[in-house]
Amino acid sequence: MRAALLIESLTGHTQKAGELIADNLQQEGWGITGISRMKHPNHAELQAADIVIVGTWVHGLFFVGQGPFGLGTIDALPAIGGKQAAVFCTFALDPKHSLDKMTRAVESRGAAVIGGLALNRSKLRAHSEIFVERLIAALEPAPVLR
């Protein structure tokens, strides 16, 4: 499998999470076609990928108005129809419904979102490993019942 990552990061936590996810995928034998900023997607990297991973950070005032930053940026992405996708967000206090909102936005670009995970920014290494484990499990073929 080959993955392209699209990241929106303000303080570097989401970028670091994306890099950890890419490293973990490579350790599992995946290819990474590239990691690019969501505002400047690399079209060739997206085209070469089997799956697109979209990550952003959660903004809001403490527990009020929490949501994924950059939904408008996701809406402006090129069409990725026919691709599978996964989403993640980094947060400090509470991601609320960020993954649901991201899923809808990525699906509006034509991708089939197969899952996502909210990563606490103080646990990026552990949560990025969980993200990769769940992503791989979601892509494994279902057992054939006889």
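One table, with the values for the structure above:
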item: Candidate set from the stretch 92-119 (those that are of a type in the set (S, T, N, Q) and within 13 Å of G55 (Cα to Cα)); member that is surrounded by the most Cβ atoms within 10 Å (Cβ to Cβ); result: S98
item: Sole residue being open to solvent by 50 Å² or more (accessible area, probe 1.4 Å) and hydrophobic (A, V, I, L, M, F, W, C), chosen from I130, I136; result: I130
item: Hits in the stretch 14-32 - residues which are open to solvent by 10 Å² or more (accessible area, probe 1.4 Å), under 14 Å from V132 (Cβ atoms) and either assigned to a helix (DSSP H, G or I) or touching a residue at least 40 places away in the same chain (Cβ under 8 Å) (or both); result: E19, L20, D23, N24, Q26, Q27, E28
item: Odd one out for G55, checked against (1) farther than 20 Å from L135 by Cα; (2) surrounded by 21 or more Cβ atoms within 10 Å (Cβ to Cβ); (3) at pLDDT 95 or above; result: (1)
item: Failed criterion for V54 (all others in (1) assigned to a strand (DSSP E or B); (2) on the phi > 0 side of the Ramachandran plot hold); result: (2)
item: Single condition S122 does not satisfy, out of (1) under 19 Å from E19 (Cα atoms); (2) surrounded by 14 or more Cβ atoms within 10 Å (Cβ to Cβ); (3) not aliphatic (A, V, I, L, M); result: (2)
item: Unique match (being in contact (Cβ under 8 Å) with a residue 40 or more places away in the chain and closer than 22 Å to L20 by Cα) among I53, I35, I74; result: I53
item: Criterion (of a type in the set (D, E, K, R), closer than 18 Å to E8 by Cα and at pLDDT 95 or above) met by exactly one of E107, E133; result: E107
item: Qualifying residues in the stretch 72-84 (those that are of a type outside the set (D, E, K, R) and in contact with an Asp or Glu (Cβ under 8 Å, 6 or more places away or on another chain)) - the one most open to solvent (accessible area, probe 1.4 Å); result: Q84
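Let's see how each residue does on (1) in contact with a His (Cβ under 9 Å, 6 or more places away or on another chain); (2) of a type in the set (D, E, K, R); (3) over 23 Å from G12 (Cβ atoms):
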{"residue": "P68", "(1), (2), (3)": "yes, no, no"}
{"residue": "I80", "(1), (2), (3)": "no, no, yes"}
{"residue": "A86", "(1), (2), (3)": "no, no, no"}
{"residue": "K101", "(1), (2), (3)": "no, yes, no"}
{"residue": "A112", "(1), (2), (3)": "no, no, yes"}
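The values are calculated or read from the model by the stated rules, or taken from the named source; none is laboratory data. Just so it is clear, the structure is predicted and the values come from calculations on it, not from any experiment. Ideal geometry is used to build each Cβ from the backbone, glycine not excepted, and the neighbour counts take in all protein chains shown. Surface accessibility is based on the protein's heavy atoms, side chains included, excluding ligands, DNA and RNA. Shrake-Rupley method; radii C 1.70, N 1.55, O 1.52, S 1.80 Å.
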